[in-house]
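Notes follow the structure.
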Amino acid sequence: MAQQQVPALPVAENLHAMPIVVDFSGGLEMLFSDQKRHKLAIPIKDQDGKSVTVAFLIEYLCENIMKDSRKELFVLDGHLRPGILCLINDADWELEGEEGYKLQSGDNILFVSTLHGG
């Protein structure tokens, strides 16, 4: 009697990355190659092995996605600059834990500048 072959399970392309979408509006897109939407695959863990948070994402964006040298227009003292709103899946980040929110696969993060020159 021949043994039946069990089909192999599909393997995820990258078990160490998580897909998220990051959008920029209100002029912030100019800091990110004039691109409003970025579909990213970010690490699922930070350098300490902890789940990644919005704070990690902000640093990741500055180091890996931002092409403009004027990082101070996005961050101030290592935190999101005052005057920039952040929505996590269409909810104010204040309701979600702000920079401490643990990112999840499929999250949509929107950064909107409320600062305008005059």
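FYI, it's all coordinate maths here, none of it is from the lab. All figures in this text were calculated on a predicted structure; none of them were measured in a lab. Cβ: placed from backbone, ideal geometry, glycine included. Neighbour counts: every protein chain shown.
A few remarks follow.
- Value of D in µm² per second that Stokes-Einstein yields for the range 17-113, Kirkwood Rh from Cα pairs, at 4 °C (1.567 mPa s): 97 µm²/s
- S25 versus Q47: modelled label distance in nm, points set 7 Å from Cα along the beta carbon direction: 3.4 nm
- Which listed pairs, of K45/K71; K67/K102; K45/K67; K36/K71, have C-alpha distances above 20 Å, in listed order: K45/K71; K67/K102; K45/K67
- Table column - 3J(HN,Hα) (Hz), the range 102-109, Karplus curve with 6.51, -1.76, 1.60, x for Gly and Pro: 7, 5, 10, 3, x, 4, 10, 10
- Computed lengthening from D90 to S105, 0.36 nm per intervening residue step minus Cα-Cα distance: 3.9 nm
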